[in-house]
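The values are calculated or read from the model by the stated rules, or taken from the named source; none is laboratory data. Predicted model only: the values in this text are computed from it and were never measured. In this analysis, Cβ positions are derived from the backbone assuming ideal geometry, glycine residues included, and neighbour counts consider all displayed protein chains. The accessibility values were calculated without ligands, DNA or RNA, using every heavy atom of the protein model including side chains. Shrake-Rupley method; radii C 1.70, N 1.55, O 1.52, S 1.80 Å.
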Amino acid sequence: MSETTHDGGVAVSAPPSPDDGLTRAELAAKYGLSQSGARPGLFEYVRQLWGRRHFILAFSQAKLTAQYSQAKLGQLWQVVTPLLNAAVYFFIFGLLLDARRGIPTDIYVPFLVTGVFVFTFTQSSVMAGVRAISGNLGLVRALHFPRASLPISFALQQLQQLLFSMVVLVVIMLGFGIFPAWSWLLVVPALILQFVFNTGLALIFARLGSKTPDLAQLMPFVMRTWMYASGVMFSIPAMLADKDVPGWVSDVLQWNPAAVYMDLIRFALIDDYTYDRYLPSHVWAFAVGWAVVAGVIGFIYFWKAEEKYGRG
């Protein structure tokens, strides 16, 4: 199409574009474009995570190695730290406050050390999860990968650290006359369930911590309260047996996930440790339930904000 201008020249107008009238979504679909950083579907997200499994494992191992790289004792602090905590709790609760009621004296130390190691596994996973995104913004902003890789890596790091501690725990068991039995194999499914639960919590707190960095300062107080309410240093039913408290209080304390996973592992490793000399029937059911609920809810909750991490 052409037309004559006022000076006698001829101006040629451009032909209409075939894209005229198309919306942005239609243009993107026509040329195969996708939004940068958009959240993938849930199943696609799981597939991407599986594709990054080697990165997740390598990242967790690197963090574990670097954790004590500046200390002279190096990786020994992985087991020395929880052992020192157990020694402090034994002095305060075992000797000064006599919190050993309902627990035979000869198994109180294995009972206490097991509780400290198992609870530290959950505590460290949550604390690492809080900083998983906010503490790695450079990595999040520089590379494209499923952000859930970070909290999962930190939970895996804590599992590896616990496995080092379990070697020391076995030595302690042997020192107190507790020898390997078939029940020790129950530790494996118990730790798998606790790992799934811890990972779910790490994902939840990773999202919360990404927008509220101050949460990292609050969580130590929350975790300390949780520890005291979970029977790390004492048997909950034995401690409440002579207290004038409603029965549901004892039930709630024993049903909380930290107490449940400690009960499972103590029962597997220590013969007849429980107050009533048997493992309550609710423990395995609650262990599976807590793992499924925390794992599924935590994963979906984190995935919902996938495109927001590292922005703003």
Net length gained if the chain between R101 and A305 were fully extended (0.36 nm per residue, minus Cα distance): 68.7 nm
With all protein chains present, calculate the accessible area of L143 using a 1.4 Å probe and round the result to the nearest 10 Å². 90
How long is the gain from A66 to W182 if the chain were fully straight, where each residue apart is worth 0.36 nm and the alpha carbon distance is subtracted? 38.2 nm
Heavy-atom accessible area ranking, 1.4 Å probe, most first, across T65, T122: T65, T122
State whether segment 75-128 is rounded, prolate or oblate according to the following rule on the C-alpha gyration tensor (a ≥ b ≥ c being the square roots of its eigenvalues): a/c under 1.5 gives rounded; otherwise a/b larger than b/c gives prolate, and the remaining case gives oblate. prolate
What's the ranking of 300-309, 218-227, 187-196 by average number of surrounding C-beta atoms within 10 Å, highest first? 187-196, 300-309, 218-227
Taking every Cα atom in segment 113-231, find the radius of gyration and the maximum pairwise distance Dmax, and write them in Å. 16.3, 53
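Given segment 48-196, what whole percent of its Cα pairs are spread farther than 21 Å? List each step's numbers first, then the result.
Values: 5835 of 11026 pairs.
Value for segment 48-196 (Cα pairs over 21 Å): 53 percent.
Kirkwood hydrodynamic radius (Cα pairs, Å) of segment 197-312? Before the final figure, lay out the partial values.
On the way: mean 1/r = 0.0619 Å⁻¹.
Radius from the Kirkwood sum: 16.2 Å.
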